[in-house]
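The values are calculated or read from the model by the stated rules, or taken from the named source; none is laboratory data. These numbers were taken from a predicted model, which means no experiment stands behind them. Positions of Cβ are backbone-derived with ideal geometry, glycine not excepted, and every protein chain shown enters the neighbour counts.
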Amino acid sequence: MAIIRVQNGDSWIENVPFDEIFVGQQASITRKVTDEDIQLFAVISGDINPAHLDPSFAETDAFHRVVAHGMLGASLISTVLGTKLPGPGTIYVSQDLHFLKPVTIGDTITATVTAREKRPEKHHVRFDCRVVNQDGDVVISGSADVVAPTEKVRRPKVELPEVRLSRHERLRALLTRTASLPPMPTAVVYPCEAVALGAVVDAAQLGLIAPILIGPEEKIRAVAAENQLDISSFRLIPAPDARSAAQTGVALARTREARLLMKGSLHTDELMHAVVEENSGLRTDRRISHVYIMDVPGYPRPLLVTDAAINIAPDLLAKRDIVQNAIDLAHVMGIESPRVALLSAVETINPNIRSTIDAAALCKMADRGQITGGLLDGPLAFDNAVSVEAAKEKGIVSPVAGRADILVVPDLEAGNMLAKELTFLAGADAAGVVLGARVPIILTSRADAERTRVASVAVAVLLAEAGLGQKSVQPPSH
């Protein structure tokens, strides 16, 4: 993720009308070329040529990435003409530019325009154009013709927006880790809508899963045909309704015929009811909980949020399992000693706020080995958990504060709101998985983007491959 701020300099912008322009008059602008510039240029132009965007594609970066950089240099010429000389009101007519030398990331380039010829009949002005690098080498030269404004304009500069660039690379990294793994047999429960069935097809095409579709056969095939989804290679087990489909999926997971469970278009509680039934064979001694793996623009690491989907108002012992499940997932993701922030409204213990008491107790449980594999601290308010500056302001000295890998919320309401706020206001991607059963369970939503659904499957595949949930886990004595 990158944040780009364009400095406006003076607060006013003023043009040079045709009558005030003289031959030999010059204006310049200087800019340092960054990788973020190239990415933003690609977003604006739609130019996704890997020779411009992927250094590993090029035999020599300085040579193969010159086209994108050259276009950026040419855009600086347009900027000088449109904002300085002649400035606002200028109409660009034509240009003849020659790209003489490569421009590489890190170069500081200066674009200069010099008035060469004026034609009063149509207020045309021809400018010589040059772009030089920090060594004085000419990288672009040529000319540009414009129609200059005839009236003086002086106005306040427009405040440019902050632009955020995010590739959600952390979720893509999870997908990369599954590349060498065979497709995971997956019971897909009641995939009777286009979004749900499409997610299955996407995951199968990527080699993540070998789907076993469970539900009304005619309905599933009709959805596939209507949306041109090829399910011809998938196994399909008929089930008349959502409840029976959930029971069949659970049975396949119990016998290890399926190593993953994936929610289709039934309600989450319909699937989870079948999972947690006493005779389902999928229960363990660990409380079942849900974890969001969030890729948040502006946050320097993956952020796990739990529990925002399963446990409504967990008690202390349930929270112990919720924390341990999230730590286990973090280990599978490669986070060796995850920092766990136990969230509340405040960072001090208050007997009237139960979550602060639970947070203190959970920290002591970790001290006594009842929670293992992570570093816990709490209670912490949200700002203190994710912002080093906020933690310093409150005088909190902690290896967790400001650097959390896992956020443990007080209850489902808080977790659901937090996850959705990060998704819809902060632009986060949120993959999700249910842990604590004998198999990982994939819960997807209609609102999920394709990359989010695929990432959720990839996380579940990694969990199954790591053997999490294959047997009952005996927690330490409480």
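Quick notes
- Restricting the first member to segment 234-251 and to residues that are without any contact (Cβ under 8 Å) to a residue 60 or more places away in the chain and within 13 Å of Cys192 (Cβ to Cβ), and the second to residues that are in a strand (DSSP E or B) and of a type in the set (Gly, Ala, Ser), the beta-carbon pairs closer than 8 Å and six or more apart or on different chains are Pro238/Gly215; Ala239/Gly215; Ala242/Gly215; Ala245/Gly215.
- Residue selected from segment 407-444 under the condition among the β-branched types (Val, Ile, Thr) and not in a loop (DSSP other than H, G, I, E, B), by the criterion surrounded by the most Cβ atoms within 10 Å (Cβ to Cβ): Ile441
- Hey, Ile109 among the β-branched types (Val, Ile, Thr) and at pLDDT 90 or above or not: yes
- Odd one out for Pro314 among (1) at pLDDT 95 or above; (2) crowded, with 16+ Cβ neighbours inside 10 Å; (3) within 28 Å of Glu465 (Cα to Cα): (3)
- Which numbered condition Val388 fails, given (1) within 23 Å of the chain's Cα centre (by Cα); (2) buried (at least 16 other Cβ atoms within 10 Å of the Cβ); (3) of a type in the set (A, V, I, L, M): (2)
- Cβ-Cβ under 9 Å pairs, at least 6 apart or on other chains, segment 96-107 side assigned to a strand (DSSP E or B), far side modelled with pLDDT of 90 or more and among the charged types (D, E, K, R): Asp96/Asp145
- Close pairs from segment 375-402: first closer than 20 Å to Met365 by Cα and of a type in the set (Val, Ile, Thr), partner buried (at least 18 other Cβ atoms within 10 Å of the Cβ) and modelled with pLDDT of 95 or more, Cβ under 8 Å, at least 6 apart: Val400/Arg339; Val400/Val340; Val400/Ala341; Val400/Leu375; Val400/Leu376; Val400/Asp377; Val400/Leu380; Val400/Ala385
- Some residue of segment 287-295 being within 24 Å of Arg243 (Cβ to Cβ), crowded, with 23+ Cβ neighbours inside 10 Å, of a type in the set (Gly, Ala, Ser) and touching a residue at least 24 places away in the same chain (Cβ under 8 Å): yes
- Options Ala194, Ala173, Ala203; residue that is without any contact (Cβ under 8 Å) to a residue 40 or more places away in the chain, closer than 22 Å to Val433 by Cβ and within 33 Å of the chain's Cα centre (by Cα): Ala173
- Every residue from segment 176-190 that is surrounded by 15 or more Cβ atoms within 10 Å (Cβ to Cβ), under 26 Å from the mean Cα position of the chain (by Cα) and not in a strand (DSSP E or B): Arg177, Thr178, Pro183
- Which numbered condition Ala222 misses (of (1) in contact with a strand residue (DSSP E or B) (Cβ under 8 Å, 6 or more places away or on another chain); (2) at pLDDT 95 or above): (1)
- Scanning segment 206-231 for residues that are part of a strand (DSSP E or B) and within 29 Å of the chain's Cα centre (by Cα) turns up Ile209, Ala210, Pro211.
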